[in-house]
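Below is one structure; the comments refer to it alone.
Only the coordinates and a few stated rules stand behind these numbers; no lab work does. This one's a predicted model, so the numbers in the text were calculated from it and none came from an experiment. Because the Cβ atoms are built from the backbone with ideal geometry, glycine has one as well, and the counts that use them run over all protein chains shown.
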Amino acid sequence: MTTKNMKRFKGFIKKEFYHIFRDKRSLFILFGMPIAQIMLFGFAITNEINNVDIAVLDHSKDVTTQEIINKIASSKYFSIKQLIKNEAEIEAVFKKGKVKAVLIFEKDFSKNLTKENNATIQIITDATDPNTANTISNYTNSILQKYQQEINKNIKTPYQIIPKTRMVYNPELKSVFMFVPGVMTIILMLVSAMMTSISITREKELGTMEILLVSPLKPFQVIVGKVIPYVFLSIINAIIIVLLSIFIFNMPVQGSLLLLGVESILFIITALSLGILISTISATQQTAMMISLMGLMLPTILLSGFIFPIASMPLPLQIISNIIPAKWFVIILKGIMLKGVGLSFIWKETMILVVMSLFFISLSIKKYKIRLE
Amino acid sequence: MENKNVIQVKNLTKKFNDFTAVNSISFEVKTGEIFGFLGANGAGKTTAMKMLIGISTPTSGSAQVAGFDVFTNPEDIKKNIGYMSQKFALYDDLTVKENITFFGGIYGLSRKEIEEKRNLLIEELGLQEIVNELVGSLPLGWKQKISFSVALLHNPKIVFLDEPTGGVDPITRRQFWEMIYKTANNGTTVFVTTHYMDEAEYCDRVSIMVDGKIEALNTPKKLKEQFKVESMNDVFLKLARC
Amino acid sequence: MSISVQNISKTFKDVTAVNNISFDVKEGELFGLIGPDGAGKTTLFRILTTLLFADEGTATVANFDVIENYKSIRNNVGYMPGKFSLYQDLTVEENLEFFATIFGTTIDENYDLIKDIYVQIEPFKKRRAGKLSGGMKQKLALCCALIHKPKALFLDEPTTGVDPVSRKEFWEMLKRLQKKGITMLVSTPYMDEAALCDRIALIQDGKILEIDTPQEIVKHFPKKIYDISADNMYNLLLILKEYTHCYSVYPFGEFMHYADKRNDFNTEELALFLKGKGLNNIKIQPTETTIEDTFMELAK
């Protein structure tokens, strides 16, 4: 860029910052939202469960099952409401809404465990609330696993209780850790996509876009000039969220901060290119806002696997979730933040985001009009 | 029972924080009069008008419109006036017929009355061809004429017109004023703002607002004599420039 | 810096906004496009400022084609769109500075050109544009359109919704700018402003009715016009409309503008007729034809 061009560009960015800092609403969205959201999810809408009523169907009634039942009953998460005698009762207790889950020990549980080295425990959860159901099964698994570790201490061939738990990465059962990646994804999506699309359509609505088009500014400069302030603000937001998680919720970031930063920038670019795309197809701020909310925010919240596990969704939704950039970013974030993995484990997701960004950027460039039609 | 003055305003004032938009204005409008309410941009016309139609409460002073007080009975005022603004007139995505039916409905006309009024309107304005078209597809002039008629559907005592002819072509503008004459002739008071100074000449009396105050109020003829100029345009320039 | 428009047409869906329009604007000329809302003025402006493609026809601005050389045009013209397109949340000064910067110049560099206008709004330079009155917004918008010293100015309805005082001042400014050699194409729905242009095109429903100087254009009205007034103007209008020999009658300020079909029209006779219809204080006198009369005649 020539110096003259550079000066134009700088002037443009300066103006963008004026807009942002003078609009109290957008300032609130920019800086109030991340803090509010992380606090909200951290403290209020946690997935933690307390004293959930469950029922037990014990087919073997031996020492081991009694020990496991005691373990579960003594945990603060569950209270055993009812002991039932046969399978026929299961439906009845669920229908009455008395319990959220039923644990079924197979026949000869102890014998199987000692002789065959494995025994099966069936956990049936009330899936009308999939979220709680999922949490219950995870918590139960984790209790079972602890018990297993205890009994296996002095044994050569370890006993195994099936099903195995999947809760290996969040052993302390602290759900706020699960939410940080989700909240970060939402905030970056909101700031990058929605705010950018609104700020571009605002110029169209005001009529200033006409003047900008009839000026030596290149359309490319207009777009990049619009986007840069939001890249900057999004990065600040990501930093705020990570700091809040570390210092308020004592969440350890297991993986590389550098990788976290680079991946976040990649996602910001994906979101921004979506924002630009939205602005090219909407004529008013209102439309841009609606498309951003319905087309981006809802899928990000619902289909990214951050609140509702993708695995428990109907197949069509599982397939659709693949085109939601947020899904891949949540996986990446969980990988880096909770599992501490490096790029070699998340390169596939990273590539998907790169391809998506390239696709959206080229689509918006194709769609961006240097004229009004 | 019929009051001779259908609008009576005394020391009406509206302040926004430390800014006085309307500064103690007083005037009367007689029944059946065409009253021109002029002023430069930002002189306080719109604020004053909003108080008179009952959608903004004055800071002080008093005003009666159609026999009702703007402080205590703004809802009764709304029932007895018609209002047409340049910005919002009709729903673009409804047809002419649907618009008439809708506005008749919100003013509490019976289905039969609406039907009669609608047919009368279609006849008078010659709307036969376009009655089932979306309002959005009509030229501005048509829209303004129809929305004026719609503002009169419930036989209001006064009709307030806020820059009804802005941007309208000269022929339609005159047809519009013929409608205004006719309305006034039928006894409805017309309270109108405009930026066209030739239109000021069509009014029975004209007030000119400058910086929140009414600086002149008289018939166009007397105003021209008073300021010793040829046209209302010159009256306006003389008042607003100093 | 001339402008040339050849057989330009533009249709949106089923509405023909501009219908085979041709005209030329000479270098340094103040050319007016006069017509009501919906006449096609804005579409034409957008075609000339390279914002829209015409369906048919060609147009050049300063010999640059609006399609092929759009970049050269964008560097050399000033454009003030219909709504005063300013950033409401930026101050007067910041708006001006921003437009100076994106055109690669500074306020100081071209201050001479805008000085006359800018001094009027300078006392409010720290005020946000959204808080300015209509007249001041209009002046600021003009300053912003001028700040890069364009060779041609496109002003789309710069006086719409602005009070008569500000309108008058605005036209005085345009006249001064013209002396500095800037070619100007201005559109307006106000017929009285047409008289201030060098040449005007009357436009309605996407078609040009007539192009001429304001002095010549009134000659397109075929009849002699009389001012008529009486005690009851509304009745006067109704009676004249029904009068057998009436060619045209329109309210014009405090008078009716009346034209008679006959060549040997006698005012005395009409006065008697009106008196017979119960009107008093009848005044009939010849008057000058205005551009508005002409427009209505041509638009009929």
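Tabulated results
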{"item": "Percentage, to the nearest whole number, of Cα pairs in segment C:145-300 over 27 Å apart", "result": "38 percent"}
{"item": "Spatially proximal aspartates and glutamates relative to C:LYS207 (Cα-Cα < 19 Å; intrachain offsets below 8 disregarded)", "result": "B:ASP169, C:ASP14, C:ASP24, C:ASP37, C:ASP55, C:GLU56, C:ASP156, C:GLU157, C:GLU292, C:ASP293, C:GLU297"}
{"item": "Unit Cα scatterers, Debye sum, segment C:1-75: log10 I(q)/I(0) for q = 0.12, 0.15, 0.22, 0.27 Å⁻¹", "result": "-0.30, -0.47, -1.01, -1.39"}
{"item": "Quarter of the Cα convex hull surface for the protein assembly as shown, i.e. its orientation-mean projected area (nm²)", "result": "49.8 nm²"}
{"item": "DSSP bridge orientation in chain B - percent antiparallel, rounded to nearest 5", "result": "55 percent"}
{"item": "DSSP-loop chymotrypsin sites (Phe, Trp or Tyr not before Pro) across segment C:4-58, with at most 16 other Cβ within 10 angstrom", "result": "C:PHE53"}
{"item": "Nearest-ten-degree value, helix A:176-189 long axis tilted from longest Cα axis of chain A", "result": "20 degrees"}
{"item": "Whole-angstrom gap from segment B:1-70 to segment A:244-263, using each part's C-alpha centre", "result": "63 Å"}
{"item": "Antiparallel DSSP beta bridges within segment B:102-242, as percent of all bridges there, nearest 5", "result": "50 percent"}
{"item": "Over chain C, relative contact order from alpha-carbon pairs under 8 Å, at least 6 apart, %", "result": "20 percent"}
{"item": "0 to 90° range, to nearest 10: angle between helix A:130-152 axis and chain A longest Cα axis", "result": "50 degrees"}
{"item": "Rg/Rh ratio calculated on Cα atoms of chain B (Kirkwood radius)", "result": "0.97"}
{"item": "Average beta-carbon neighbours from other chains, 10 Å sphere, peptide B:169-179", "result": "6"}
{"item": "Trypsin sites (Lys or Arg not before Pro) within segment B:13-94, DSSP loop, no more than 13 other Cβ atoms inside 10 Å", "result": "B:LYS87"}
{"item": "Residue order, fewest to most beta carbons within 10 Å, for A:GLU67, C:GLU297, C:GLU93", "result": "A:GLU67, C:GLU93, C:GLU297"}
{"item": "Proportion of all alpha-carbon pairs of segment A:243-373 beyond 18 Å (%)", "result": "61 percent"}
{"item": "Pairwise label distance in nanometres, A:GLN149 with A:ILE228, each label 7 Å out on the Cα-Cβ vector", "result": "5.2 nm"}
{"item": "Beta bridges by DSSP in the protein assembly as shown, antiparallel share as percent, to the nearest 5", "result": "55 percent"}
{"item": "Set B:LYS224/C:LYS168; B:LYS213/C:LYS168; B:LYS182/C:LYS139; B:LYS145/B:LYS213; B:LYS222/C:LYS41 screened for pairs whose C-alpha atoms are more than 28 Å apart", "result": "B:LYS182/C:LYS139; B:LYS145/B:LYS213; B:LYS222/C:LYS41"}
{"item": "Reciprocal mean inverse distance between Cα atoms of segment C:3-219 - Kirkwood radius, Å", "result": "17.6 Å"}
{"item": "Helix B:140-151 axis, angle to chain B major axis (alpha carbon atoms, nearest 10°)", "result": "90 degrees"}
{"item": "Size of electric dipole in chain B: Cβ of Lys, Arg +1 and of Asp, Glu -1, about Cα centre, debye, nearest 20", "result": "620 debye"}
{"item": "Per DSSP, loop chymotrypsin sites (Phe, Trp or Tyr not before Pro) in segment B:147-241 with at most 16 further Cβ within 10 Å", "result": "none"}
{"item": "Orientation-averaged projected area, Cα convex hull of chain A (nm²)", "result": "22.5 nm²"}
{"item": "Calculated [θ] (222 nm, deg cm²/dmol) that DSSP helices of n ≥ 4 give over chain C, each run adding -39,500 (n - 2.57)", "result": "-9500 deg cm²/dmol"}
{"item": "Relative counts (whole %) of C-alpha pair distances in segment C:226-293, using bins that are 10 Å wide", "result": "21, 62, 17, 0"}
